[in-house]
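Accompanying notes for the structure given below.
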Amino acid sequence: MHNPIELSIYFDSRCPLCVIEMRALKARDTAGRILLVDIHAEGFSEHHPQVDATRASEILHGIKADGTLLLGLDVSAYAWSLVGRKPWLRWLRRWPLRGPSNLAYKLFARYRYGISRWLTGRAYCGVCEQSVCPSASRRSASRER
């Protein structure tokens, strides 16, 4: 029997750490409860008009089966709970940790390409698997100006 999708995650495939996290999550999703959607996929806006790709590139987006929009760490905590892993993430969603963890997430999201490069030693595109993603290089160059 096929289980319905309980969470659709709209992620940035040009972020190495995001790709690593999504692959790990999907590997543990043996029941197929999570749908991963690349915000850089061709035709994304036409197929997913409910999600603004620009906004989704700034903060992780997820939509539950009932239509509830989740953002940032709320997406991660819910997704990992669906696969029965990382229960500690739920604690980051409670007071008094919610505020500081949201701030830490926003900082990570803003600087994720540089953090990815620093932690993995490379910046690659999850879509094209190049050693250096041309679009990431353009973003970095425009920030330096």
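Shown in residue order for the range 50-56 are the 3J(HN,Hα) couplings computed by the Karplus curve 6.51 cos²θ - 1.76 cosθ + 1.60 at θ = phi - 60°: 6, 10, 7, 4, 5, 5, 5 Hz (x for Gly and Pro). Exposure proxy shown here: for Leu7, Leu17, the number of other Cβ atoms within 10 Å sets the order, fewest to most, as Leu17, Leu7. Between Ile20 and Trp88, the contour length at 0.36 nm per residue exceeds the Cα-Cα span by 22.6 nm.
Throughout, read-outs are computed from the coordinates displayed, never taken from laboratory work. Note that this is a predicted model, so its numbers are computed, not measured. Glycine also receives a Cβ, built like all others from the backbone with ideal geometry; neighbour counts cover every protein chain displayed.
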